[in-house]
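Have a look at the structure below, then the notes.
The values are calculated or read from the model by the stated rules, or taken from the named source; none is laboratory data. In this text, all values refer to a predicted model and were calculated from it rather than measured experimentally. All Cβ positions, glycine included, derive from the backbone under ideal geometry; neighbour counts span all protein chains shown.
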Amino acid sequence: MLGLRPETRPDTLEPPAGSASRRHWAPACGSRVLGFVCLVCLLAAVAGGATEPTPSIAATPAVADAATLFDLWVEEQLAYHGVPSLALAVVADDQVVWSGAWGRADLDQGTPATIETPYRLGSVSKIFTATAVMILRDRGALDLDAPVTQYLPEFRPANPFPDTSITVRHLLTHTAGLPREGAFPYWTTHEFPPWSQFESAAADQALTHPPGEKYHYSNLGMGALGAIVEAVSGMSYAEFVRDEIAVPLGLVGTSAAPSQDLLGKLATPYFRRRADGSRGQHTYYDTGGLAAMGNVVSTVRDLAQFARFLLSDEPAGPHQPLGASTLREMRRPHHVYPSFSGGRGLGFGISRREGKTLVSHGGWIGGHRSHLLLSPDENLAVVAMTNADDASPYPFTYRALDLFAEALAAPAVEAVVPPATWERYYGLYSDPWEWQYRVLSLRTGLVVYEYNYPPLDDPRDNLTPLESRGETDFRMPDGDPFRFELDASGQVVRIQRRTDYIFPVVGGKVQLIDVPTEAVP
């Protein structure tokens, strides 16, 4: 992540502790927190998830349920937290199995986000840089363990540690001992000089520790890798990314030197939300001589294809810039943290979470945030982008990983075929105090999704399965009633939920009817 204080930089920290298989149901949570905002009003301002399923895997009932549940949960999260937009995709078994976009790419214009909306990747650009370096290595054009000065003779930071030198591998693992940033206040001015100035100024920047000994995240080091790509290939960094990565992989909306046309389509980058709910807007800035650390622009559709490539088990070829063995080499640890809690691959961060080894990188740059998350053992990846400084993609990628991993591992079971009469039950309901419920069908049958304020971390905890006891009579897991009351035309006028009532929401308004005062059966 670019330009954040070390203590808040997600790409150097442990990942947060973390539609799906509905094999494991949890009762709807009954906790209600005061000070909530009416979800009816908020959901009206949030664009629905524009999803794009892929046949085969995506068509399985468990994955379809995961998509449905995740879509509901994302809308709830964005509405409650005021996130402008989110674009996210899931890759499994060499397929982009599901993708979606929610919210607004531009709040003033009301422009909906789509899977084709460009976002800045920030530090996820570093994975493109690492890929470029490995392409050159595999062609025999450079050696990962050669001194950097072999390719950049003028890049000579002050080295107080005798008999040591920085190698290309050190730069890839952020163990070169370089300071985090070059010697210019570009995170204040947003003016990034060309690489030649970073190279000259590095002579007055001393290494913080001997190369190879410690992990110390360095945007300066990644800029040096970009300069190495240029020196070895004879192409600009942006040209190399375009010709050797984007074009072979079909990444039509991806560029390290975005054109004015591409920039004109960018999701509007917003500051954090102020106390009055308003947001300022960032102005686009190019990262100049540090393009390799954060200048790539892409779409979630492209980034999903890139993640698919990073998990590939195919040999290198015209449409496969690197072969499977090199990709495995990039994803395995080349430096382990002293805590043994994780480490660094070649460009990637590596961590352990709930018994799984995850390979990832996050990014931030001026109002855009992104996350690329791989679970190689499950052959699963999730990528996400947002367009506000306070809109972390991490909760969404980790939750999607959990939901879709469970769905993909679910045994095949025959899905319940909902009776046609259930269709009249589907929809949004509310009590008079604006606590909301959605009735829908999943592969296990009729369920209720209960909205919570603030939203729960796991959407599965919002679900209550209903057991049919008759055409309009259902029971919740605790045995309490859930009865649909119909008018003469067969439309739902209210639901008896336990001993109280909830009512249909139509056009954003609760359709209240008289409630009996006598005891209910």
Exercise for the section: Select from the stretch 187-207 the residues that are assigned to a helix (DSSP H, G or I) and surrounded by fewer than 17 Cβ atoms within 10 Å (Cβ to Cβ) and list them in ascending order. Expected result: W187, T188, T189, S196, Q197, S200, A201, A203, D204
Exercise for the section: Name the one entry in A292, A316, A304 that is under 27 Å from T189 (Cβ atoms) and not charged (D, E, K, R). Expected result: A292
Exercise for the section: Could you figure out which of (1) in a helix (DSSP H, G or I); (2) buried (at least 24 other Cβ atoms within 10 Å of the Cβ) isn't true of A267? Expected result: (1)
Handout entry: the stretch 481-507: number of residues that are over 19 Å from E450 (Cβ atoms) and either of a type in the set (S, T, Y) or within 39 Å of the chain's Cα centre (by Cα) (or both)
Key = 3
Exercise for the section: Taking the options R328, R353, name whichever one is surrounded by fewer than 24 Cβ atoms within 10 Å (Cβ to Cβ) and over 18 Å from L172 (Cα atoms). Expected result: R353
Exercise for the section: Check T283 against each of (1) within 17 Å of H190 (Cα to Cα); (2) outside any loop (DSSP other than H, G, I, E, B) and name the one condition it does not meet. Expected result: (2)
Exercise for the section: Report whether or not S312 is under 23 Å from the mean Cα position of the chain (by Cα) and either of a type in the set (F, W, Y) or in a loop (DSSP other than H, G, I, E, B) (or both). Expected result: yes
Problem - Any pair with Cβ under 8 angstrom, 6 or more apart, that starts in the stretch 74-102 at a residue that is not assigned by TED's automatic domain parsing to the domain that holds S312 and ends at one that is in a helix (DSSP H, G or I) and among the hydroxyl-bearing types (S, T, Y) - result: L88/T397; Q95/S56
Exercise for the section: Report whether or not A58 is buried (at least 18 other Cβ atoms within 10 Å of the Cβ), modelled with pLDDT of 60 or more and part of a helix (DSSP H, G or I). Expected result: yes
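Residues are listed down the side, and each one gets a yes or a no for (1) under 27 Å from the mean Cα position of the chain (by Cα); (2) assigned to a strand (DSSP E or B):
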site	(1), (2)
A391	yes, no
P395	yes, no
D402	yes, no
L408	yes, no
A412	no, no
W433	no, no
V439	no, yes
V448	yes, yes
Exercise for the section: Would you confirm whether any residue within the stretch 199-212 is among the charged types (D, E, K, R), outside the structural domain of P157 (by TED's automatic domain parsing) and out of contact with any helix residue (DSSP H, G or I) (no Cβ under 6 Å at 6 or more places or on another chain)? Expected result: no
Practice task
Assess whether F184 counts as being over 23 Å from G347 (Cα atoms), part of a loop (DSSP other than H, G, I, E, B) and either aromatic (F, W, Y) or not assigned by TED's automatic domain parsing to the domain that holds A238 (or both).
Solution key: yes
Handout entry: Test: G250 is out of contact with any Cys (no Cβ under 6 Å at 6 or more places or on another chain), of a type in the set (G, A, S) and at pLDDT below 95
Key = no
Handout entry: Unique match (being surrounded by fewer than 20 Cβ atoms within 10 Å (Cβ to Cβ) and over 22 Å from W73 (Cα atoms)) among E518, E423
Key = E518
Exercise for the section: Could you check I135 against (1) out of contact with any Pro (no Cβ under 6 Å at 6 or more places or on another chain); (2) under 30 Å from E239 (Cα atoms) and say which number it fails? Expected result: (1)
